1. Please give the per residue volume of the convex hull enclosing the alpha carbon atoms of the chain, rounded to a whole number of Å³.
2. Would you kindly derive the ³J(HN,Hα) couplings of the stretch 55-68 from the backbone phi angles with the Karplus curve 6.51 cos²θ - 1.76 cosθ + 1.60 (θ = phi - 60°), listing them in order in whole Hz, with x for Gly and Pro?
3. Given R₀ = 56 Å, what would the calculated FRET efficiency be for Trp120 paired with Lys445, taking r from the Cβ atoms and rounding to 0.05?
4. Working out 0.36 nm times the residue gap between Lys240 and Leu95, then minus their Cα-Cα distance, what length gain in nm do you get to one decimal?
5. Summarise the accessible area of the chain (1.4 Å probe, protein heavy atoms) by the percent that is carbon and sulfur.
6. For Lys393, which sequence-distant residues (separation of 5 or more, or a different chain) have an amide H within less than 5 Å of its own amide H, given hydrogens modelled in the peptide plane?
7. Whole percent per 5 Å bin, from 0 to the bin with the longest distance: what is P(r) over all C-alpha pairs of the stretch 377-424?
8. Round to the nearest 0.05 the FRET efficiency obtained for Arg328 and Asn431 when R0 = 56 Å and r is the Cβ-Cβ distance.
Amino acid sequence: MAASYVALLAVSVTLPLLLLLLLLVAWKRWRWGRASRHVMVVVLGDLGRSPRMQYHALSLAKNGFSVTLLGFCNSRPREELLQSDRIQIVSLTELPRLTVGPHILQYGVKVVFQAVHLLWKLMCRDPAAYIFLQNPPGLPAIAVCWFAACLCGSKLVIDWHNYGYSIMGLVHGPGHRLVLLAKWYEKLCGRLSHLNLCVTNAMREDLAENWGIKAVTVYDKPASFFKETPLDLQHQLFMKLSRIYSVFRARSEPSDLDMERSAFTERDAQSAVVTHLHGRPALLVSSTSWTEFEQLINDGESLPSLVCVITGKGPLKEYYSHLICQKRFQHIQVCTPWLEAQDYPLLLGSADLGVCLHRSSSGLDLPMKVVDMFGCCLPVCAVNFPCLHELVKHEENGLVFEDAQGLAAQLQLLLSKFPDPAGKLNRFRENLRESEQLRWDESWKQTVLPLISDT
(Lines give C-alpha, C1' and ligand atoms only; values in the text may rest on other atoms or scores of the structure.)
Protein backbone atom coordinates (compact mmCIF):
# COMPACT_ATOMS: atom_id res chain seq x y z
CA MET A 1 0.00 0.00 0.00
CA ALA A 2 2.81 2.36 0.91
CA ALA A 3 4.61 1.63 -2.38
CA SER A 4 1.44 2.37 -4.37
CA TYR A 5 1.01 5.63 -2.51
CA VAL A 6 4.59 6.69 -3.33
CA ALA A 7 4.14 5.82 -7.03
CA LEU A 8 0.85 7.74 -7.17
CA LEU A 9 2.48 10.71 -5.50
CA ALA A 10 5.34 10.67 -8.03
CA VAL A 11 2.90 10.62 -10.97
CA SER A 12 0.71 13.37 -9.51
CA VAL A 13 3.76 15.61 -9.12
CA THR A 14 5.29 14.74 -12.49
CA LEU A 15 2.32 15.39 -14.80
CA PRO A 16 1.66 19.04 -13.81
CA LEU A 17 5.36 19.79 -14.06
CA LEU A 18 5.55 18.28 -17.54
CA LEU A 19 2.60 20.41 -18.64
CA LEU A 20 4.30 23.53 -17.33
CA LEU A 21 7.49 22.51 -19.12
CA LEU A 22 5.64 22.21 -22.44
CA LEU A 23 4.21 25.71 -21.98
CA LEU A 24 7.67 26.99 -21.13
CA VAL A 25 9.12 25.36 -24.26
CA ALA A 26 6.52 27.06 -26.44
CA TRP A 27 7.37 30.39 -24.86
CA LYS A 28 11.12 29.88 -25.33
CA ARG A 29 10.57 28.92 -28.96
CA TRP A 30 8.62 32.12 -29.44
CA ARG A 31 11.42 34.30 -28.02
CA TRP A 32 14.02 32.23 -29.87
CA GLY A 33 17.71 33.14 -30.07
CA ARG A 34 20.38 31.17 -28.31
CA ALA A 35 23.02 32.99 -26.27
CA SER A 36 26.25 32.36 -28.15
CA ARG A 37 28.45 33.33 -25.18
CA HIS A 38 26.48 31.48 -22.53
CA VAL A 39 27.41 28.00 -21.30
CA MET A 40 25.69 25.78 -18.75
CA VAL A 41 27.88 23.49 -16.66
CA VAL A 42 25.92 20.66 -15.02
CA VAL A 43 26.95 18.35 -12.17
CA LEU A 44 24.34 16.00 -10.74
CA GLY A 45 26.46 15.91 -7.60
CA ASP A 46 28.17 18.15 -5.06
CA LEU A 47 29.72 21.18 -6.77
CA GLY A 48 32.25 21.70 -4.00
CA ARG A 49 33.64 18.19 -4.58
CA SER A 50 33.74 18.50 -8.37
CA PRO A 51 36.97 20.43 -8.96
CA ARG A 52 37.27 19.65 -12.69
CA MET A 53 33.84 21.11 -13.45
CA GLN A 54 34.65 24.13 -11.29
CA TYR A 55 37.80 24.59 -13.38
CA HIS A 56 35.75 24.33 -16.59
CA ALA A 57 33.43 27.07 -15.32
CA LEU A 58 36.33 29.33 -14.34
CA SER A 59 38.12 28.82 -17.68
CA LEU A 60 34.94 29.57 -19.60
CA ALA A 61 34.42 32.75 -17.58
CA LYS A 62 38.04 33.85 -18.09
CA ASN A 63 37.59 33.46 -21.84
CA GLY A 64 34.53 35.67 -22.09
CA PHE A 65 31.64 33.26 -21.58
CA SER A 66 28.85 33.77 -19.09
CA VAL A 67 28.38 30.55 -17.12
CA THR A 68 25.48 28.98 -15.27
CA LEU A 69 26.78 26.26 -12.94
CA LEU A 70 24.13 23.79 -11.75
CA GLY A 71 24.65 21.20 -9.02
CA PHE A 72 24.14 20.28 -5.37
CA CYS A 73 25.57 22.87 -2.99
CA ASN A 74 26.57 20.56 -0.13
CA SER A 75 30.16 21.85 0.00
CA ARG A 76 31.40 25.38 -0.56
CA PRO A 77 32.85 25.87 -4.06
CA ARG A 78 36.10 27.75 -4.63
CA GLU A 79 36.05 31.42 -3.73
CA GLU A 80 36.90 32.45 -7.32
CA LEU A 81 33.60 30.94 -8.47
CA LEU A 82 31.64 32.79 -5.83
CA GLN A 83 33.33 36.10 -6.64
CA SER A 84 33.11 35.90 -10.44
CA ASP A 85 30.49 38.19 -11.97
CA ARG A 86 30.35 35.89 -15.02
CA ILE A 87 29.34 32.76 -13.09
CA GLN A 88 25.88 32.14 -11.65
CA ILE A 89 25.49 29.13 -9.36
CA VAL A 90 22.09 27.42 -9.42
CA SER A 91 21.44 24.94 -6.62
CA LEU A 92 19.75 21.65 -7.44
CA THR A 93 17.53 20.00 -4.84
CA GLU A 94 18.36 16.53 -3.54
CA LEU A 95 15.39 14.25 -2.89
CA PRO A 96 15.57 12.88 0.68
CA ARG A 97 16.00 9.13 0.75
CA LEU A 98 12.67 7.32 0.85
CA THR A 99 12.17 4.78 3.63
CA VAL A 100 9.18 2.91 2.19
CA GLY A 101 8.84 0.44 -0.64
CA PRO A 102 11.45 -1.79 -2.35
CA HIS A 103 14.82 -0.33 -3.30
CA ILE A 104 14.04 -0.44 -7.02
CA LEU A 105 10.96 1.73 -6.44
CA GLN A 106 12.93 4.15 -4.28
CA TYR A 107 15.55 4.43 -6.99
CA GLY A 108 12.91 4.90 -9.68
CA VAL A 109 11.20 7.72 -7.79
CA LYS A 110 14.58 9.40 -7.27
CA VAL A 111 15.43 9.21 -11.00
CA VAL A 112 12.03 10.60 -12.03
CA PHE A 113 12.33 13.45 -9.55
CA GLN A 114 15.88 14.30 -10.67
CA ALA A 115 14.88 14.20 -14.34
CA VAL A 116 11.92 16.56 -13.94
CA HIS A 117 13.73 18.86 -11.53
CA LEU A 118 16.88 19.12 -13.68
CA LEU A 119 14.86 19.73 -16.85
CA TRP A 120 12.88 22.43 -15.10
CA LYS A 121 16.07 24.17 -13.92
CA LEU A 122 17.64 23.98 -17.39
CA MET A 123 14.56 25.35 -19.13
CA CYS A 124 14.24 28.21 -16.67
CA ARG A 125 17.67 29.56 -17.64
CA ASP A 126 18.59 31.65 -20.65
CA PRO A 127 19.40 29.49 -23.70
CA ALA A 128 23.03 28.39 -23.88
CA ALA A 129 25.35 27.63 -26.76
CA TYR A 130 26.75 24.61 -24.91
CA ILE A 131 25.76 22.39 -22.01
CA PHE A 132 28.82 20.86 -20.31
CA LEU A 133 27.83 17.74 -18.36
CA GLN A 134 29.95 15.71 -15.94
CA ASN A 135 29.59 11.93 -16.26
CA PRO A 136 29.25 10.10 -13.93
CA PRO A 137 26.65 10.54 -12.62
CA GLY A 138 24.85 10.39 -15.94
CA LEU A 139 21.52 8.81 -15.02
CA PRO A 140 19.24 10.62 -15.77
CA ALA A 141 21.41 13.66 -16.53
CA ILE A 142 22.64 12.68 -20.03
CA ALA A 143 19.13 12.14 -21.43
CA VAL A 144 17.75 15.24 -19.71
CA CYS A 145 20.57 17.52 -20.89
CA TRP A 146 20.30 16.15 -24.43
CA PHE A 147 16.54 16.81 -24.45
CA ALA A 148 17.04 20.34 -23.13
CA ALA A 149 19.78 20.93 -25.72
CA CYS A 150 17.44 19.84 -28.52
CA LEU A 151 14.69 22.17 -27.32
CA CYS A 152 16.96 25.19 -26.91
CA GLY A 153 19.38 24.70 -29.81
CA SER A 154 22.34 24.00 -27.50
CA LYS A 155 25.19 21.56 -28.07
CA LEU A 156 25.77 18.87 -25.44
CA VAL A 157 29.34 18.28 -24.25
CA ILE A 158 29.89 15.23 -22.04
CA ASP A 159 33.02 15.22 -19.88
CA TRP A 160 33.70 11.54 -19.16
CA HIS A 161 35.46 11.19 -15.78
CA ASN A 162 34.66 7.47 -15.50
CA TYR A 163 31.79 5.10 -16.31
CA GLY A 164 28.79 5.32 -14.02
CA TYR A 165 27.85 1.67 -14.49
CA SER A 166 31.32 0.55 -13.31
CA ILE A 167 30.89 2.46 -10.05
CA MET A 168 27.43 0.96 -9.61
CA GLY A 169 29.00 -2.47 -10.22
CA LEU A 170 31.19 -2.07 -7.12
CA VAL A 171 28.01 -2.17 -5.02
CA HIS A 172 25.76 -4.58 -6.91
CA GLY A 173 28.26 -6.66 -8.90
CA PRO A 174 29.00 -6.31 -12.64
CA GLY A 175 26.30 -8.80 -13.69
CA HIS A 176 23.42 -7.22 -11.79
CA ARG A 177 20.44 -6.30 -13.98
CA LEU A 178 20.48 -2.71 -12.75
CA VAL A 179 24.17 -2.41 -13.65
CA LEU A 180 23.58 -3.88 -17.12
CA LEU A 181 20.68 -1.49 -17.65
CA ALA A 182 22.84 1.45 -16.57
CA LYS A 183 25.57 0.37 -19.00
CA TRP A 184 23.07 0.15 -21.87
CA TYR A 185 21.68 3.59 -21.02
CA GLU A 186 25.14 5.16 -20.73
CA LYS A 187 26.30 3.64 -24.02
CA LEU A 188 23.13 4.67 -25.88
CA CYS A 189 22.77 8.19 -24.53
CA GLY A 190 26.50 8.89 -24.61
CA ARG A 191 26.33 8.83 -28.41
CA LEU A 192 23.79 11.68 -28.44
CA SER A 193 26.33 14.35 -27.51
CA HIS A 194 27.84 16.88 -29.89
CA LEU A 195 31.28 16.67 -28.28
CA ASN A 196 32.96 14.31 -25.81
CA LEU A 197 35.88 14.98 -23.49
CA CYS A 198 37.63 12.35 -21.37
CA VAL A 199 40.42 12.18 -18.80
CA THR A 200 42.84 9.61 -20.29
CA ASN A 201 43.97 8.25 -23.63
CA ALA A 202 42.96 4.79 -22.41
CA MET A 203 39.39 5.99 -21.93
CA ARG A 204 39.41 7.72 -25.31
CA GLU A 205 40.43 4.46 -27.00
CA ASP A 206 37.83 2.46 -25.04
CA LEU A 207 35.07 4.91 -25.95
CA ALA A 208 36.02 4.65 -29.61
CA GLU A 209 36.40 0.86 -29.76
CA ASN A 210 33.60 -0.32 -27.50
CA TRP A 211 31.10 2.53 -27.47
CA GLY A 212 31.43 4.10 -30.92
CA ILE A 213 32.11 7.49 -29.32
CA LYS A 214 34.85 9.84 -30.51
CA ALA A 215 36.34 11.79 -27.61
CA VAL A 216 39.16 14.27 -26.99
CA THR A 217 41.55 13.64 -24.10
CA VAL A 218 41.68 16.56 -21.68
CA TYR A 219 44.04 15.57 -18.90
CA ASP A 220 43.45 16.87 -15.41
CA LYS A 221 46.05 19.55 -14.70
CA PRO A 222 46.78 21.33 -11.43
CA ALA A 223 45.32 24.78 -10.95
CA SER A 224 47.77 27.64 -10.47
CA PHE A 225 47.32 27.67 -6.68
CA PHE A 226 48.81 24.16 -6.35
CA LYS A 227 52.51 24.93 -5.92
CA GLU A 228 55.34 24.49 -3.45
CA THR A 229 54.66 26.35 -0.21
CA PRO A 230 57.34 28.83 0.94
CA LEU A 231 58.85 27.99 4.32
CA ASP A 232 57.30 30.99 6.09
CA LEU A 233 53.81 29.99 4.92
CA GLN A 234 54.52 26.38 5.95
CA HIS A 235 55.26 27.61 9.45
CA GLN A 236 52.08 29.71 9.56
CA LEU A 237 50.04 26.70 8.45
CA PHE A 238 51.64 24.36 10.99
CA MET A 239 51.10 26.85 13.84
CA LYS A 240 47.47 27.32 12.78
CA LEU A 241 46.81 23.56 12.67
CA SER A 242 48.71 23.00 15.93
CA ARG A 243 45.99 24.87 17.83
CA ILE A 244 43.61 22.01 16.97
CA TYR A 245 45.75 18.96 16.08
CA SER A 246 48.51 17.85 18.41
CA VAL A 247 50.61 16.21 15.66
CA PHE A 248 51.60 19.67 14.44
CA ARG A 249 52.79 20.85 17.88
CA ALA A 250 56.46 21.00 18.86
CA ARG A 251 57.75 17.97 20.75
CA SER A 252 59.73 20.27 23.06
CA GLU A 253 59.70 23.95 23.86
CA PRO A 254 62.59 26.07 22.53
CA SER A 255 65.10 27.33 25.11
CA ASP A 256 65.18 30.71 23.37
CA LEU A 257 61.98 32.62 24.13
CA ASP A 258 62.28 34.46 20.80
CA MET A 259 61.82 31.17 18.92
CA GLU A 260 58.39 29.92 17.84
CA ARG A 261 58.32 26.21 17.10
CA SER A 262 56.03 23.69 15.40
CA ALA A 263 56.67 19.97 14.92
CA PHE A 264 58.43 20.73 11.61
CA THR A 265 59.66 24.34 11.67
CA GLU A 266 60.87 27.11 13.94
CA ARG A 267 60.79 30.87 13.52
CA ASP A 268 63.07 33.50 15.01
CA ALA A 269 60.75 36.31 16.13
CA GLN A 270 63.49 38.94 15.87
CA SER A 271 64.80 38.12 12.37
CA ALA A 272 61.56 36.48 11.09
CA VAL A 273 63.72 33.71 9.61
CA VAL A 274 62.03 30.28 9.39
CA THR A 275 64.04 27.06 9.25
CA HIS A 276 63.23 23.36 9.22
CA LEU A 277 63.55 21.79 12.64
CA HIS A 278 66.53 19.45 13.03
CA GLY A 279 65.38 15.85 13.38
CA ARG A 280 61.86 16.71 12.24
CA PRO A 281 59.45 13.93 11.28
CA ALA A 282 58.55 13.31 7.64
CA LEU A 283 55.17 14.68 6.63
CA LEU A 284 53.09 12.40 4.44
CA VAL A 285 49.73 13.16 2.87
CA SER A 286 47.93 9.90 2.42
CA SER A 287 44.88 7.73 2.92
CA THR A 288 46.34 4.63 4.50
CA SER A 289 47.78 3.14 7.69
CA TRP A 290 51.42 2.42 8.35
CA THR A 291 51.85 -0.85 10.26
CA GLU A 292 54.73 -2.17 8.09
CA PHE A 293 56.67 1.12 8.36
CA GLU A 294 56.34 1.08 12.16
CA GLN A 295 57.89 -2.39 12.25
CA LEU A 296 60.87 -1.24 10.15
CA ILE A 297 61.66 1.51 12.67
CA ASN A 298 61.32 -0.94 15.56
CA ASP A 299 63.78 -3.21 13.75
CA GLY A 300 66.42 -0.47 13.85
CA GLU A 301 66.18 1.02 10.37
CA SER A 302 67.49 4.60 9.99
CA LEU A 303 64.13 6.16 9.31
CA PRO A 304 62.36 9.29 10.56
CA SER A 305 59.19 9.36 12.56
CA LEU A 306 56.12 9.93 10.42
CA VAL A 307 53.24 12.35 10.63
CA CYS A 308 50.58 11.01 8.29
CA VAL A 309 47.79 13.41 7.35
CA ILE A 310 44.76 11.66 5.89
CA THR A 311 42.70 14.09 3.84
CA GLY A 312 39.21 13.89 2.40
CA LYS A 313 36.00 12.58 3.82
CA GLY A 314 33.70 9.64 3.27
CA PRO A 315 31.22 7.32 4.95
CA LEU A 316 34.00 5.05 6.30
CA LYS A 317 36.17 7.81 7.78
CA GLU A 318 35.04 7.23 11.36
CA TYR A 319 35.46 3.47 10.98
CA TYR A 320 39.07 3.74 9.83
CA SER A 321 39.86 6.46 12.39
CA HIS A 322 38.78 3.99 15.08
CA LEU A 323 41.02 1.27 13.63
CA ILE A 324 44.00 3.64 13.56
CA CYS A 325 43.46 4.59 17.21
CA GLN A 326 43.71 0.91 18.15
CA LYS A 327 47.16 0.49 16.56
CA ARG A 328 49.11 2.27 19.36
CA PHE A 329 51.95 3.41 17.07
CA GLN A 330 55.08 4.76 18.74
CA HIS A 331 56.81 6.37 15.74
CA ILE A 332 53.82 7.26 13.61
CA GLN A 333 51.16 9.86 14.25
CA VAL A 334 48.00 9.95 12.16
CA CYS A 335 45.79 12.99 11.76
CA THR A 336 42.49 13.32 9.88
CA PRO A 337 42.01 17.10 9.84
CA TRP A 338 39.22 19.17 8.41
CA LEU A 339 40.98 21.66 6.14
CA GLU A 340 39.74 24.95 4.80
CA ALA A 341 39.82 25.07 1.00
CA GLN A 342 42.76 27.47 0.92
CA ASP A 343 44.79 25.32 3.34
CA TYR A 344 44.73 22.11 1.28
CA PRO A 345 47.15 23.36 -1.42
CA LEU A 346 49.40 24.78 1.32
CA LEU A 347 49.49 21.39 3.04
CA LEU A 348 50.40 19.55 -0.17
CA GLY A 349 53.10 22.15 -0.86
CA SER A 350 54.52 21.57 2.63
CA ALA A 351 54.56 17.76 2.61
CA ASP A 352 57.52 15.48 1.93
CA LEU A 353 55.72 12.60 0.21
CA GLY A 354 52.25 11.73 -1.04
CA VAL A 355 50.66 8.28 -1.11
CA CYS A 356 47.73 7.41 -3.36
CA LEU A 357 45.53 4.33 -2.99
CA HIS A 358 43.08 5.23 -5.77
CA ARG A 359 41.87 2.21 -7.72
CA SER A 360 39.72 3.02 -10.72
CA SER A 361 36.40 1.14 -11.00
CA SER A 362 36.85 1.12 -14.78
CA GLY A 363 40.64 1.13 -14.88
CA LEU A 364 40.41 4.16 -17.18
CA ASP A 365 40.49 7.28 -14.98
CA LEU A 366 43.28 8.92 -13.00
CA PRO A 367 43.42 10.22 -9.41
CA MET A 368 43.09 14.00 -9.33
CA LYS A 369 44.81 14.10 -5.93
CA VAL A 370 48.04 12.99 -7.59
CA VAL A 371 47.62 15.76 -10.19
CA ASP A 372 47.39 18.27 -7.34
CA MET A 373 50.40 16.72 -5.60
CA PHE A 374 52.50 16.98 -8.74
CA GLY A 375 51.43 20.61 -9.08
CA CYS A 376 53.04 21.13 -5.66
CA CYS A 377 56.17 19.21 -6.80
CA LEU A 378 55.31 16.51 -4.28
CA PRO A 379 56.62 13.01 -5.20
CA VAL A 380 54.09 10.20 -4.96
CA CYS A 381 53.90 6.50 -4.22
CA ALA A 382 50.80 5.16 -5.97
CA VAL A 383 49.09 1.78 -6.13
CA ASN A 384 49.20 0.36 -9.64
CA PHE A 385 46.25 0.03 -12.05
CA PRO A 386 46.05 -0.17 -15.87
CA CYS A 387 46.38 3.47 -17.03
CA LEU A 388 48.35 4.92 -14.10
CA HIS A 389 51.44 5.21 -16.35
CA GLU A 390 49.75 8.16 -18.10
CA LEU A 391 50.33 10.18 -14.92
CA VAL A 392 52.88 8.54 -12.60
CA LYS A 393 56.21 7.79 -14.26
CA HIS A 394 57.88 5.08 -12.18
CA GLU A 395 61.38 6.12 -11.00
CA GLU A 396 60.87 9.62 -12.48
CA ASN A 397 58.24 11.53 -10.49
CA GLY A 398 57.39 8.78 -8.03
CA LEU A 399 57.06 5.06 -7.49
CA VAL A 400 54.33 2.53 -8.27
CA PHE A 401 53.56 -0.35 -5.87
CA GLU A 402 51.33 -3.42 -5.96
CA ASP A 403 50.65 -4.16 -2.27
CA ALA A 404 51.32 -3.08 1.32
CA GLN A 405 54.70 -4.78 1.42
CA GLY A 406 55.75 -2.98 -1.75
CA LEU A 407 54.70 0.36 -0.28
CA ALA A 408 56.64 -0.32 2.92
CA ALA A 409 59.77 -1.10 0.89
CA GLN A 410 59.38 2.13 -1.09
CA LEU A 411 58.95 4.20 2.08
CA GLN A 412 62.11 2.62 3.45
CA LEU A 413 63.96 3.47 0.23
CA LEU A 414 62.74 7.06 -0.01
CA LEU A 415 62.95 8.04 3.67
CA SER A 416 66.23 6.37 4.61
CA LYS A 417 68.56 9.06 6.07
CA PHE A 418 65.77 11.65 5.75
CA PRO A 419 66.16 14.50 4.90
CA ASP A 420 68.91 13.63 2.44
CA PRO A 421 69.51 16.28 -0.29
CA ALA A 422 71.15 13.62 -2.47
CA GLY A 423 68.42 11.02 -1.91
CA LYS A 424 65.93 9.65 -4.41
CA LEU A 425 63.02 11.55 -2.82
CA ASN A 426 64.71 14.88 -3.49
CA ARG A 427 65.65 13.76 -7.02
CA PHE A 428 61.97 13.08 -7.79
CA ARG A 429 61.09 16.55 -6.50
CA GLU A 430 63.74 18.11 -8.73
CA ASN A 431 62.37 16.20 -11.73
CA LEU A 432 58.91 17.63 -11.01
CA ARG A 433 60.32 21.15 -10.77
CA GLU A 434 62.14 20.79 -14.07
CA SER A 435 59.17 19.24 -15.90
CA GLU A 436 57.44 22.65 -16.20
CA GLN A 437 53.98 21.09 -16.07
CA LEU A 438 51.15 22.75 -17.93
CA ARG A 439 48.58 24.28 -15.61
CA TRP A 440 44.84 23.82 -16.11
CA ASP A 441 44.23 27.22 -17.73
CA GLU A 442 46.97 26.80 -20.35
CA SER A 443 45.96 23.20 -21.07
CA TRP A 444 42.27 24.16 -21.36
CA LYS A 445 43.05 26.92 -23.85
CA GLN A 446 44.99 24.47 -26.00
CA THR A 447 42.51 21.58 -25.91
CA VAL A 448 38.96 22.75 -25.10
CA LEU A 449 38.72 26.37 -26.25
CA PRO A 450 39.39 25.56 -29.95
CA LEU A 451 36.56 23.01 -29.85
CA ILE A 452 33.98 25.64 -28.87
CA SER A 453 35.46 28.64 -30.67
CA ASP A 454 32.91 28.32 -33.48
CA THR A 455 30.40 30.15 -31.24
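1. Residue-normalised Cα hull volume stands at 165 Å³.
2. 5, 4, 4, 5, 5, 4, 5, 5, 9, x, 8, 8, 10, 10
3. Details: r = 34 Å, r/R0 = 0.61.
Calculated value: 0.95.
4. 48.4 nm
5. With neighbouring chains kept in place, the figure for the chain is 56 percent.
6. Amide H neighbours of Lys393, under 5 Å, 5+ apart: Gly398.
7. Spelled out per bin, shortest first, that is 5, 21, 29, 25, 14, 5, 1.
8. About 0.90, to the nearest 0.05.
The values are calculated or read from the model by the stated rules, or taken from the named source; none is laboratory data. Values in this document were obtained by computation on a predicted structure and should not be read as measured data. Neighbour counts run over all protein chains shown; Cβ positions are idealised from the backbone, glycine included. Heads up: the accessible areas ignore ligands, DNA and RNA and are worked out on the full protein's heavy atoms, side chains in. Shrake-Rupley method; radii C 1.70, N 1.55, O 1.52, S 1.80 Å.
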